[in-house]
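Here, each number is a calculation from the coordinates, and none is a lab measurement. On a predicted model such as this, the values are computed, not experimentally measured, just so you know. Neighbour counts are summed over all protein chains in view; Cβ atoms, including those assigned to glycine, are modelled from backbone coordinates with ideal geometry.
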Amino acid sequence: MKKNLLSLCLSLSLLAAAPAVVNAAQNDANTAPAISSQTLRNLSWTPLVPPVTQDVTLGTSSAQINQGQIQGAVGAFALPADRGSLEITLTSIATGKTVYAPNVLVLDEQMRPAAFYPSSYFPYQKPGIVSSDRLEGTLKLTPALGQKQIYLLVYTTRQDLAETTQMVNPAKAFAAGVGNAVPDIPDPIARHTPTGTLSLKVTAEQKTGNVMIGQIFPSSAPAAAAPVVVGSTQAPAPAAAPAKPSEPMLSDSETYFNDAIKKAVKAGDVDKALKLLDEAERLGSKTARKTFIESVKH
C-alpha cells in the first residue's frame, strides 16, 4: 500500500509539472477508433529491440484492418518494456505523389490503449540533402515498472484517405538549401493511400520523470514529443508498513540516504530508490520522500 500511495503521489506531482499542452492532449485517446481485442491479438507483432532502425513496406499483402474508421494496411510492433525510456521516430516516406498518413495507438502489456497519436502528430517534412518528402513525428514513451513489453499499432483512417498533403517542389527545396533564389513553380500534392513505406528508429535510455498514463491518468497524444509512461503505475505489493521510529534520523544518516536515492534515480533504478526511501522513512527520515520526488522530476 505504501508504494502504491507513493506512485499516486509521484504521478500527481509529475502531472502538475507537465506542460499544459500535454494535459490538453490526453483526451485524444478517447477519440481513437475502437479496435476489438480479438483483432489486436490476431495480429503478428514484429519485435523491435533498441537501438534499431526498421524499414517497413505496408503493401496489399500486409496485415489489414478494415474496421470502423480504420482502413488499409497496418504495422504492428512489440517493444521491450525493461529498457527504460523509448524514443521512437516514425517516418512515412512519400513515393511519387502518394504518402501513407500514419496514426499510432500505443498499448500496454495487456493490450489496453494507453496513448493515441493521430495523423496530425506526423506533419510533412520537406526533403533535405539525404532525406525525401515525408511525414514524421517522434514519440517518447516510458513503460511503467513490471511490464515486459508494450505495443505500437500504426494505421491510417478513412478520413486520412480522403485528404492530401501539400509537398514542396524539389527544385525549391534545393534552391533554399544552397542559398539560391527560390523559383516560382507549383508544389506537388500527394494523395493519401492505404499502403506505403515506413521507417522506425527506436532508441532506449534509462530516464525517469515522465507523465503517467494507464491506471491513474487518461491516455495522451503529446503535441511536442512529450514523454509518456505507458501501463499501470502500480508497484508490487509491499510488506506491511513498519511502525514509525520514536526518534528522528541523525543528520549524517539523512545525508547518506538522500545521496543514495539521488544516485539510484539518476541511474534509472527507481525500484532501488523506492527501497531506499522505505528504509529511510522506517528509520525516521523527514527528507527522503521530498528528495525522491525532486530527483524523479529532474
- request: Kindly rank 74-81, 157-164, 180-187, 41-48 from highest to lowest mean number of other beta carbons found within 10 Å of each residue.
  value: 74-81, 157-164, 41-48, 180-187
query: Based only on Cα atoms, what Rg/Rh ratio does region 60-124 have, Rh being taken as Kirkwood's radius?
result: 0.97
- request: Mind checking which aspartates and glutamates have their Cα closer than 14 Å to the Cα of K266? Skip sequence neighbours fewer than 8 apart in that chain.
  value: E205, E294
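Could you sort 280-293, 106-119 so that the peptide with the highest average Cβ count within 10 Å comes first and the rest follow in order?
In descending order of packing, they fall as 106-119, 280-293.
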- prompt: Along region 157-169, what does the Karplus equation 6.51 cos²θ - 1.76 cosθ + 1.60 (θ = phi - 60°) give for ³J(HN,Hα), rounded to whole Hz, x for Gly and Pro?
  reply: 10, 4, 5, 4, 5, 8, 10, 9, 10, 7, 9, 10, 4
